[in-house]
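Read the structure below first, then the notes.
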Amino acid sequence: MEIIIQDISKINEAARVFIGNMGKGKVFAFYGKMGTGKTTFIKAICQELGVEDTITSPTFAIVNEYTSGNGSPVYHFDFYRIKRLEEVYDMGYEDYFYSGHLCFLEWPELIDELLPEDTVKVTITTKEDGSRTVVF
């Protein structure tokens, strides 16, 4: 599936399309260069899921937990600052990844070997015109 985001004003519309095509996936690994909009897109997805909490990148906390509109937890991870896989083991990643709740991961390439087999890989790229392409 490919979604084109022409500009930031269309991001929530793109998030709705993404949600409509998530299928049974629970763990979504977002790949893309720094500044490509991973956090911004995850924020839009969370807003469309009815999250009312303040949605920020969990750069220092590693994981933020939000509550969706239906009361289910949504986990947002940022593994950018991970230095050793032991840090991920220590945080109890399995409790999150295998919880049956939505997990959105930024910088998953740093923990690829720990990702569940059914992880949905999402790649965001920036085009020359500034638009973004989301492929999953």
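Data overview
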item: Per residue, in Å², the accessible surface of the chain once ligands and nucleic acids are set aside, probe 1.4 Å; result: 54
item: Loop-resident sites, region 2-87, for trypsin sites (Lys or Arg not before Pro), counting at most 13 other Cβ within 10 Å (DSSP); result: LYS24, LYS33, ARG81, LYS83, ARG84
item: Coil-residue chymotrypsin sites (Phe, Trp or Tyr not before Pro) of region 70-102, DSSP, other Cβ within 10 Å capped at 15; result: TYR80, TYR98
item: TYR80 long-range amide H proximity, modeled H, under 5 Å; result: none
item: Spatially close lysines, pair count over the chain: Cα under 26 Å, gap of eight or more or interchain; result: 25
item: Mean ellipticity per residue at 222 nm, deg cm²/dmol - from DSSP H runs of n ≥ 4 across the chain, formula -39500 (n - 2.57); result: -6500 deg cm²/dmol
item: Sites excluded, GluC sites (Glu not before Pro) in DSSP loops with at most 15 other C-beta within 10 Å, longest stretch of the chain; result: 53-116
item: Calculated P(r) tail over 17 Å for region 70-136, as whole % of Cα pairs; result: 49
item: Estimated distance in nm for a label pair at GLU113 and ILE8, the labels positioned 7 Å out from Cα along Cα-to-Cβ; result: 3.9
item: Rg/Rh for the chain, where both radii come from Cα atoms and Rh is the Kirkwood radius; result: 0.94
item: Of all DSSP beta bridges in the chain, antiparallel share, percent nearest 5; result: 50
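The values are calculated or read from the model by the stated rules, or taken from the named source; none is laboratory data. Values in this document were obtained by computation on a predicted structure and should not be read as measured data. Note that we place each Cβ from the backbone using ideal geometry, even for glycine, and neighbour counts take in every protein chain shown. Note: accessible area is taken over every heavy atom of the protein model, side chains too, but ligands, DNA and RNA are not part of it. Shrake-Rupley method; radii C 1.70, N 1.55, O 1.52, S 1.80 Å.
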